[in-house]
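What follows is a single structure, written as structure tokens, with notes after it.
The values are calculated or read from the model by the stated rules, or taken from the named source; none is laboratory data. Note that the structure is a prediction, hence the values are computed from the model and not measured. No Cβ is skipped: glycine too gets one built from the backbone with ideal geometry, and neighbour counts run over all protein chains shown. Ligands, DNA and RNA are excluded from the accessible area calculation, which covers all protein heavy atoms including side chains. Shrake-Rupley method; radii C 1.70, N 1.55, O 1.52, S 1.80 Å.
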Amino acid sequence: MINAQLTNLVIASLKAAGVTPPELTPTRPFPRPTKVSAEELIEAVIASKHDDPYQDPAVIAIASKHYVQSLGTLEQGHVQIELARRAAELNSNKDLILDRLQKAFKETAEQLVEDAAPIKQVDDPAAIDPRSSSREASLAAGNVIHGIRKLEAILKAWADLWLALGKASYGVERGKPFAFMNPNAEMWDQLRLNPTIWEAVHMGEPLTLADSPEHVSERFQAMIRNEQAAFDSLREAHHSKNGAALLKSFRG
């Protein structure tokens, strides 16, 4: 269930990423009670023509207003009720939101790779100086920087949604890059020092948004297993080579 206190954060993050949030029922307005004083209530009781002034509708109306304003927490309660209602609506649309995030990420990532083609070998697109670079390179750099920022906004919206759902965004901080890519051990060895969106594009690693925090963890753990398997294989080959050399020396 989405944390009601984070509902507005999720909606704002989705809008910032250019992802349309599901349409929720508007917040219902809460009419503020008219303020009345104790003196007004006393005067109403005195002026009442009823045998029992406390049964007088006019007195009851003023007494009700006086009581309501004495509570002091109704407006705050209204806010919490509306947040909880909107959170429940947002939660029922969780799969729709995730689908929209996946679609937005895929489309943006594909466009980014296309825009990056003329400057793919550049270490940092922000370092391209339009005054000394070609028009094609300058235009590509601007598009790439815009695309990276949009992907970062989508990743933030994705992370904020899972945070509101009560789950860690990435499992472990080291696994954060695996939210937007799924490199094997060999590629990770080249990316680990600077695992950014641009570095992934620069190195030719596909950009793919994970389905969930659990998926991020699965990707990261798979890479570690892949890395360990490669290490074990290398060590076994090394031992086999040394063993063969030793056997040859004995026979010699």
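Couple of notes before you dig in:
- Think of a 1.4 Å ball rolled over the protein heavy atoms: the chain then has 63 Å² of accessible area per residue.
- Options [x] 31.3, 127; [y] 17.3, 54; [z] 24.1, 81 - which one matches Rg and Dmax of the Cα atoms in Å as calculated here: [x]
- Take Asp232: with every protein chain present and a 1.4 Å probe, its accessible area is about 60 Å².
- Label point distance in nm, Phe30-Glu186, each placed 7 Å from Cα along Cα→Cβ: 6.1 nm
- Kyte-Doolittle at least -0.5, axis length at least 15 Å by Cα - qualifying DSSP helices, the chain: 57-71, 74-92, 135-164
- Partners of Lys156 within straight-line reach, counting lysines whose Cα lies under 18 Å from its Cα and excluding those fewer than 8 residues away in the same chain: Lys15, Lys94, Lys103, Lys106, Lys167, Lys176.
- If R0 is taken as 22 Å, the Cβ-Cβ distance between His146 and Asp124 corresponds to a FRET efficiency of 0.90.
- Length added when fully stretched, Ser212-Tyr54, from 0.36 nm per residue minus Cα-Cα: 50.8 nm
- Cross-link reach list, lysines versus Lys49, counting only Cα pairs under 29 Å and skipping chain neighbours closer than eight places: Lys35, Lys65
- Packing rank of 157-167, 91-101, where each peptide gets the mean count of other beta carbons within 10 Å, highest leading: 157-167, 91-101
- Local net charge near His66, Cβ-Cβ under 13 Å (Lys/Arg +1, Asp/Glu -1): -1
- Contact order relative to length of the stretch 46-187, as percent, for alpha carbon pairs under 8 angstrom and 6 or more apart: 16 percent
- With R₀ set to 41 Å, the beta-carbon distance separating Ala117 from Ala84 gives a calculated FRET efficiency near 0.25.
- Helix-only CD estimate at 222 nm, as mean residue ellipticity for the chain, using -39500 (n - 2.57) per DSSP H run (n ≥ 4): -21500 deg cm²/dmol
- The chain: relative contact order in percent, alpha carbon pairs under 8 Å with at least 6 residues between: 22 percent
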